[in-house]
Structures are given as C-alpha cells and as structure tokens.
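Have a look at the structure below before the remarks.
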Amino acid sequence: MAIYNFHIFDGSDKSTEILYGFLYSLKSFVQRISPSLQNDNNFFFYQTSEYNLIFYEFATSIKFVLITSHDVKRDSPFYREMMIQLHKRVYVEYHVKNGIAPCKIINSQLFRQQLTTFLTQNIKQG
C-alpha cells in the first residue's frame, strides 16, 4: 500500500495545468462513455494496473486528487465518502478555519500531519 500523491486544486494554479487538464479530459470522457446517466459528476475513480486515481470536486471548486498504488483494494463508494470526510475533517478544520494563514498555499505542518494521518488510517482500514 502506498500513497503516491495528493493534490488540491483551486482552479487558479498555473503550475498544475497539465494534470488538471488531464483530469478534466478524463472526467469528460468517462461521462460520455458511461452506460448510465451519472448524478454524481463531481467524483470519479480510475484504476489501472499501476495506480488508482481518485478525484472529487466540491461545490466551492476545490478539487482533491489522490493517487495510490494499485494494490489498495477499495470500491468507489468508499473513496467518495473518504474524500468528503477528508474535506470536512482535515481541509476545513486545519486550513479553511486557520485565520492565521489565509493564503492559498498550505504551509501548515499541522495540516500536513493531519492529512497524512487521515489518509494512512483510511487507506489501511478494512
């Protein structure tokens, strides 16, 4: 089990345009080939033989992208709920409510610790 990357996009970061462009194209492609109408267009889970890519877009235009090793065996509903809880328990609590550092770049060591703890506990769980 390995967590390769975790990205947070707010729509204004120019340095991550390639990854964001890939995700946008992938999301559009998945919506077009889906056999049924998807009501939850803000989430998708993509799996290859090398990695899992989990994407969740919130109503505030914040996007979370998690890339894990392919040996992490979870289903789509698990990841959807995990991303919602990550936003609620870590992002909002340790970044949004942080009045001392209202900047867009997250430099908080406490945020990073909580994020690492949350992801590790949830990915290993089960």
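The values are calculated or read from the model by the stated rules, or taken from the named source; none is laboratory data. Because the structure is predicted, anything quoted here is derived from the model rather than measured. Using ideal geometry, Cβ is built from the backbone for each residue, glycine included, and neighbour counts are taken over all protein chains shown.
Summary table below
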item	result
Within the stretch 47-59, considering residues that are in a strand (DSSP E or B) and over 11 Å from His70 (Cβ atoms), the one farthest from the chain's Cα centre (by Cα)	Glu57
Residue match in the stretch 107-117 (condition: crowded, with 18+ Cβ neighbours inside 10 Å and either over 24 Å from Phe22 (Cα atoms) or among the hydrophobic types (A, V, I, L, M, F, W, C) (or both))	yes
Residue within the stretch 52-60 that is small (Gly, Ala, Ser) and over 21 Å from Leu19 (Cβ atoms) present	yes
Only listed residue being of a type outside the set (A, V, I, L, M) and modelled with pLDDT under 85, chosen from Glu93, Glu17, Glu50	Glu17
Residue in the stretch 20-47 that is modelled with the highest pLDDT, counting only those that are exposed (fewer than 10 other Cβ atoms within 10 Å of the Cβ) and among the hydrophobic types (A, V, I, L, M, F, W, C)	Ile33
When residues of the stretch 60-75 are limited to those that are assigned to a loop (DSSP other than H, G, I, E, B) and under 14 Å from Phe9 (Cβ atoms), the one modelled with the highest pLDDT	Ile62
In the stretch 63-104, residue nearest to the chain's Cα centre (by Cα) [restricted to those that are among the small types (Gly, Ala, Ser) and under 20 Å from Tyr4 (Cβ atoms)]	Ser76
Pair list, Cβ < 8 Å and 6+ apart or interchain, from the stretch 82-101 residues that are more than 22 Å from Ile67 (Cβ to Cβ) and of a type outside the set (Val, Ile, Thr) to residues that are at pLDDT below 95 and surrounded by 13 or more Cβ atoms within 10 Å (Cβ to Cβ)	Asn98/Ser108; Asn98/Phe111; Ala101/Ser108
